[in-house]
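First up is the structure itself, then whatever we jot down about it.
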């Protein structure tokens with residue numbers, strides 16, 4: 001037997017495979033396809049302080065080797081999660097983390113405080129790719145001072161695993177990673193989607209109602225791998241890698257580049273059983289190469 005378990009700060013995962021926020025609902029939607037308790041961790045959909053309707057349609061578009069989305073964090077708010085969703089998932093044997101999003105620092109803080117009271121939720125993933133309405137709409141995660149401020153204030157009220165999810169739409173992602181680590185992040189996940197655009201040439205109009213959207217899928221994997229490798233070189237906290245992971249080989253590449261765990265996103269839309277296949281593929285790889293633990297390959301890239 002090989003040991004697939006990993007630790008993210010105080011959080012123990014049975015294996016390094018997690019799901020990416022916004023691609024796996026609240027987890028229960030996939031119960032007809034797989035035993036979701038086999039997954040190391042499930043990041044539930046982006047959750048905000050108040051209900052959000054999201055952006056107008058159309059808000060998704062296929063692109064070569066990827067997809068664009070501009071859903072706009074549609075959700076029913078943190079109180080709905082606490083009252084309606086949490087009772088349904090609380091006894092499932094895996095780690096559920098809530099992706100926390102907001103438009104102001106206060107939004108993040110109040111949402112995190114509410115989730116902190118839930119005994120069965122061991123962590124949150126702080127999405128700092130959201131537009132900061134008080135700073136003219138620039139994303140929190142695209143400047144060091146703004147990223148620092150939101151992580152610092154959330155850290156004051158949130159006592160469990162604090163994972164911070166980084167935006168790739170920056171000049172130097174290493175600077176942002178070091179800032180959020182200094183302000184108390186227990187782990188860092190990356191990358192969120194790259195800003196992209198699609199055009200309908202016949203209609204001479206943008207495909208998305210919002211004109212631009214977030215690009216995910218295999219097209220972003222080389223960028224994601226590079227950023228994960230760069231960040232893993234400079235921070236002491238665990239790194240969680242994501243971006244175009246479609247199979248076990250993709251996941252193993254991220255682990256070799258320094259990620260302690262991975263998140264699978266767009267691939268869930270193509271194959272709802274992909275998470276379990278990736279877990280099994282990592283195990284098979286370790287056996288084939290005579291490794292006794294997944295820890296043996298984390299950051300083992302020979303450069």
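Computed from the coordinates by the stated procedures, all read-outs in this text should not be read as laboratory data. Note that the structure is predicted; figures quoted are calculated from it, not measured. So basically every Cβ, Gly included, is an ideal-geometry build from the backbone, and we count neighbours across all protein chains shown.
Some notes on this structure:
- A straight chain from residue 91 to residue 182 at 0.36 nm per residue would run longer than the Cα-Cα distance by 29.4 nm.
- Gyration tensor (alpha-carbon) shape descriptor, region 10-71, a/c threshold 1.5: prolate
- Value in Å of the Kirkwood radius, where region 6-296 supplies the Cα pairs that are averaged: 19.0
- Centre separation in Å (Cα based) which lies between region 274-303 and region 1-43: 16
- Between 243, 40, 25, the residue with the greatest mean-square fluctuation in the GNM of the chain (Cα pairs under 10 Å linked by springs) is 25.
- With N counted as the residues of region 201-262, its alpha-carbon radius of gyration over 2.2 N^0.38 Å works out to 1.46.
- Fewest-first ranking of 34, 270, 89, using other Cβ atoms within 10 Å as the exposure measure: 270, 34, 89
- GNM top mover of 120, 95, 55 - the chain, alpha-carbon springs below 10 Å: 55
- The fewest-to-most ranking of 14, 205 by surrounding Cβ atoms within 10 Å reads 205, 14.
- Entry note, the chain: the mean residue ellipticity at 222 nm calculated from DSSP H runs of n ≥ 4, each adding -39500 (n - 2.57), is -8000 deg cm²/dmol after division by the residues and rounding to the nearest 500.
- Each residue in 246, 163, 227 was given a count of other beta-carbon atoms within 10 angstrom of its own, and listing them fewest first yields 246, 227, 163.
- Whole-angstrom gap from region 167-181 to region 87-164, using each part's C-alpha centre: 17
- Across region 178-279, the mean sequence separation of Cα contacts (distance under 8 Å, 6 or more residues apart), normalised by length, yields a relative contact order of 26 percent.
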